[in-house]
Amino acid sequence: MLTIDDVRAIPLFSTLAVTELERLAQTSADLHLDAGEFAVPEGGERALFAVLSGKIEVVKLVDGVERRLGWRVPGTIFGEVPIAFGMPFPGGYRASEPSRVMRVE
């Protein structure tokens, strides 16, 4: 279960009022991922994610070969591009170690 402090630890949300932090904590999913488990696969539905702990690798299939495009670490977000452009996720986001991720619909 997410707490106000979990949400406030994300720089994007750190300046929100307590009532807004409470609402995000109550309405967002708290995902606990094992290494190798996807927060969202390539082509997945739009949502905003924030890494609370662990490390998430960004992967994409290019000509049938999986390529690592980058990393997301605690405090960072992902999913803003699919939301802004109304498209599915162009790459997958997979935990490279046990990780905790917040998902905002």
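Expressed as a rounded percentage, what relative contact order does the range 57-105 have, with Cα pairs under 8 Å and six or more residues apart? Once divided by the residue count of the range 57-105, the mean separation gives 38 percent. Estimated from the Cβ-Cβ distance and a Förster radius of 22 angstrom, the FRET efficiency linking Asp30 and Val73 is about 0.75. The relative contact order of the chain comes to 37 percent, based on Cα pairs under 8 Å that sit 6 or more residues apart.
Please state, as a whole number in µm²/s, the translational diffusion coefficient that the Stokes-Einstein equation yields for the range 1-77 at 25 °C and 0.890 mPa s, with Rh defined as the Kirkwood radius across alpha carbon pairs.
177 µm²/s
Taking the highest mean first, how do the peptides 36-45, 66-75 order by number of other beta carbon atoms within 10 angstrom per residue?
Values: 36-45: 15.8, 66-75: 13.4.
Taking the mean over residues of other Cβ atoms within 10 Å, the ranking is 36-45, 66-75.
Rounded to the nearest 500, the 222 nm mean residue ellipticity of the chain from helices alone is -5000 deg cm²/dmol, with -39,500 (n - 2.57) taken per DSSP H run of at least 4 residues.
Any idea what the dipole of the chain comes to, in debye rounded to 20, about its Cα centre with Lys/Arg Cβ at +1 and Asp/Glu Cβ at -1? It works out to roughly 220 debye. Note on Val18/Glu45: beta-carbon distance plugged into 1/(1 + (r/R0)^6) with R0 of 30 Å gives a FRET efficiency of 0.50. Against the main long axis of the alpha-carbon atoms of the chain, helix 18-27 sits at an angle near 50°.
Coordinate-derived values only; no laboratory data. Fair warning: this is a prediction, and the values are worked out from it, not measured in the lab. Quick reminder, even Gly has a Cβ in these numbers, built from the backbone with ideal geometry, and neighbours come from all protein chains shown.
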